[in-house]
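So the structure is just underneath, and the comments pick up after that.
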Amino acid sequence: MKIRHLRIFKTVCEVESITKASEKLYITQPAVSNAISELENDLGIQLFDRISRKLFLNESGKLFLLKVKKILELYDELGENTQELETSALIKIGSSITIANFILPGALSRFETFCPQTPTRIIVENARNIEKMVHDNKVDLGLVEGVVYNDDLIKIPFSSYELSVICSLNHPFAQEESVDIKRLVKEKFLLREQGSAIRDVFDSALLLHDIKVNPVWTSVNSPALIQAVKHNLGISVLPKLKVEKELEKGILREVKVNNLELKNYNHIVFHKNKYQTVSFKKLIETIQTSEDVYNL
């Protein structure tokens with residue numbers, strides 16, 4: 001059973017003549033007759049009574065016509081509303097924690113004004129997990145900090161932020177203008193978990209000096225690390241934007257470390273084979289131009 005057969009059947013029913021149907025559809029009479037015969041053969045029933053060389057829609061045909069009209073109406077709507085299908089399609093977003101805290105909420109708020117019909121679903125994880133989820137098509141788009149390792153992903157840098165080494169007011173470093181890396185690494189460290197972009201940046205910066213540290217605390221929760229630093233349990237490395245209030249109020253001290261550059265870069269990532277809807281492209285544009293990003 002083909003859509004073409006259903007359209008021909010509906011037209012024959014409307015004009016009550018194969019001849020008139022062929023003229024209306026701009027096809028030959030034999031083509032109309034063959035289409036009706038093929039449709040009846042597919043269904044295994046007769047739709048018309050053939051009396052005195054004329055076609056009369058029988059009771060079975062009348063019931064079938066009601067269904068055909070509904071089918072063709074739905075079929076035509078599919079072709080007419082493809083744009084609505086795109087704008088109504090869910091976009092699954094994976095975001096690393098810092099971006100989810102400081103950039104994503106504002107960007108999504110603006111995106112909803114541009115694409116109010118497009119739903120979004122957010123998953124917050126560390127950068128490496130988000131990168132894997134994008135590659136495995138578990139999320140459509142990722143917002144990650146740090147290096148993007150997978151070559152199958154397109155990466156678009158859109159902002160950056162500085163990391164700060166922080167200590168309590170009671171720590172010896174709080175009274176010093178700056179310290180050397182060799183002194184720094186002798187301290188107790190309270191760090192984010194491996195796989196987080198913050199930890200990756202710090203570990204990579206130390207590797208440039210052939211240094212590696214083993215933290216006494218490891219946490220996925222930055223506020224917990226901040227509290228531990230306040231109680232002088234060790235020093236930590238966190239985004240400066242997360243500890244700005246504590247630094248401004250004098251609750252914590254930033255430790256200046258000689259020859260140690262700590263800067264993290266944020267990327268929009270998606271699979272190179274990912275189909276990009278209009279809404280998908282608008283979301284990328286909105287994130288790139290967000291007022292909340294920290295410019296590169």
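The values are calculated or read from the model by the stated rules, or taken from the named source; none is laboratory data. Not measured: the values here are computed from a predicted model. Quick reminder, even Gly has a Cβ in these numbers, built from the backbone with ideal geometry, and neighbours come from all protein chains shown.
Observations
- Residues that are within 22 Å of GLU86 (Cα to Cα) and of a type in the set (Phe, Trp, Tyr), drawn from segment 100-118: PHE111, PHE114
- Scope segment 162-203; condition among the aromatic types (Phe, Trp, Tyr) and either surrounded by fewer than 22 Cβ atoms within 10 Å (Cβ to Cβ) or not assigned by TED's automatic domain parsing to the domain that holds VAL255 (or both); matching residues: PHE173, PHE189
This table checks each residue for (1) touching a Phe, Trp or Tyr at 6+ places or on another chain (Cβ under 7 Å); (2) among the charged types (D, E, K, R).
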site: ASP203; (1), (2): no, yes
site: PRO215; (1), (2): yes, no
site: SER222; (1), (2): no, no
site: ILE235; (1), (2): yes, no
site: LYS240; (1), (2): yes, yes
site: LEU262; (1), (2): yes, no
site: ILE287; (1), (2): yes, no
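- SER236 among the polar types (S, T, N, Q), within 18 Å of ASN101 (Cα to Cα) and surrounded by 16 or more Cβ atoms within 10 Å (Cβ to Cβ): no
- Test for VAL134: is it surrounded by 14 or more Cβ atoms within 10 Å (Cβ to Cβ) and farther than 30 Å from GLU86 by Cα: no
- Among the residues listed as PHE158, PHE111, the single one being of a type outside the set (D, E, K, R), within 26 Å of the chain's Cα centre (by Cα) and at pLDDT below 95: PHE158
- The helices (runs of 4 or more DSSP H) located wholly in segment 66-126 that include 1 or more residues which are free of Cβ contacts under 8 Å to residues at least 40 places away in the same chain occupy 82-87, 104-114.
- Considered as a group, the residues in segment 140-183 that are of a type in the set (A, V, I, L, M, F, W, C) and not in a strand (DSSP E or B) include one that is nearest to GLU261 (Cα to Cα), and that residue is ILE181.
- The listed residue being in contact with a strand residue (DSSP E or B) (Cβ under 8 Å, 6 or more places away or on another chain) and either at negative phi or among the aliphatic types (A, V, I, L, M) (or both), out of LEU39, LEU57: LEU57
- Tally of residues being under 18 Å from LEU238 (Cβ atoms) and free of Cβ contacts under 8 Å to residues at least 12 places away in the same chain across segment 127-174: 0
- The strands (runs of 3 or more DSSP E) found wholly in segment 202-286 and carrying at least 2 residues that are under 30 Å from the mean Cα position of the chain (by Cα) occupy 217-219, 235-239, 263-271.
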